[in-house]
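Notes follow once the structure below has been shown.
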Amino acid sequence: MRLINQKLHAPPIENKNIPRPATAVRLFGGQASLRLPVTAAILGSERGVALVMALILGLVGMLMIGSLLYMAGTALWTTGSKARYQTALEAAYGGMTFFAREIIQKGVEGTLLSTMGTYGGVLTPLISDANFTAKLTTPGSVGIGGYPADNPDAILTLTFLAPTPTVTMNATISTTTRGNSGTSSNVLVGGGVVNNSSGPVPPQHIPYMYHTVIQARNLGATQESATLSSLYAY
């Protein structure tokens with residue numbers, strides 16, 4: 001057959017959009033140059049990957065910066081909270097000592113609470129003189145409501161120079177244990193045991209015991225407060 005020694009030329013398949021590589025095909029000993037439709041090479045499809053990566057990296061960076069800002073804010077709040085609590089705690093120690101050694105001691109000696117004065121605005125009595133005297137001389141718990149913020153005997157106010165805030169303290173007597181300490185209305189009973197050689201022997205001294213509770217809080221603050229309790233022996 002004559003077609004064996006002839007060269008066949010197939011018309012090329014043109015595609016203006018996708019370039020096609022030429023593919024050589026042998027046919028019966030001859031060679032024909034054909035342009036066959038092959039799968040287009042995936043080139044240029046990475047367009048947009050840089051934008052996606054930039055968005056992902058930006059999101060990660062914002063998360064890191066947000067975490068750092070949150071930790072810094074938390075550290076500042078914690079430091080301020082500790083400072084406010086320490087102020088309230090130190091004021092509570094001073095208020096507890098003042099209430100026990102000044103207010104209770106004068107009350108046991110017979111001074112009425114309303115006549116003690118304000119000590120320059122520090123003391124604000126809340127309980128009546130009769131109830132305060134009953135607390136000082138009656139054993140057990142008398143007229144206890146809250147513990148002690150709801151029903152304090154007195155409020156102590158300490159005003160400091162700026163930036164230290166003003167501290168208010170609620171103080172109360174929660175429990176009284178009666179002894180034989182001499183007061184104006186509660187003197188020692190009897191003269192004791194008579195000894196022929198040395199005279200009367202006084203009984204053993206038993207002090208009054210007062211369990212006091214004080215709660216201190218910075219003025220305007222609602223979270224940081226310090227509550228202390230003490231046992232005062234007169």
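Laboratory data are not the source of any read-out in this text; all were calculated from the coordinates shown. The model shown is predicted, which means the values in this text are computed figures rather than measured ones. Note that we place each Cβ from the backbone using ideal geometry, even for glycine, and neighbour counts take in every protein chain shown.
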Next item on the list: First select every other residue whose beta carbon is under 11 angstrom from the beta carbon of GLU224; then total the charges, Lys and Arg +1, Asp and Glu -1.
Entry: +3
Item checked: Residues whose placed amide H lies under 5 Å from that of SER174, excluding near-sequence neighbours -> HIS211, THR212, VAL213
Next item on the list: Taking amide H positions as placed in the peptide plane 1.01 Å from N, state which residues far from GLY179 in sequence (5 or more) or on other chains have amide H under 5 Å from it.
Entry: TYR208, MET209
Check: Using the count of nearby Cβ atoms within 10 Å as a rough guide to exposure, how do ILE173, ILE127 rank from fewest to most?
Finding: ILE127, ILE173
Next item on the list: Would you mind putting 85-93, 204-212 in packing order, based on average other-beta-carbon counts within 10 Å, highest first?
Entry: 85-93, 204-212
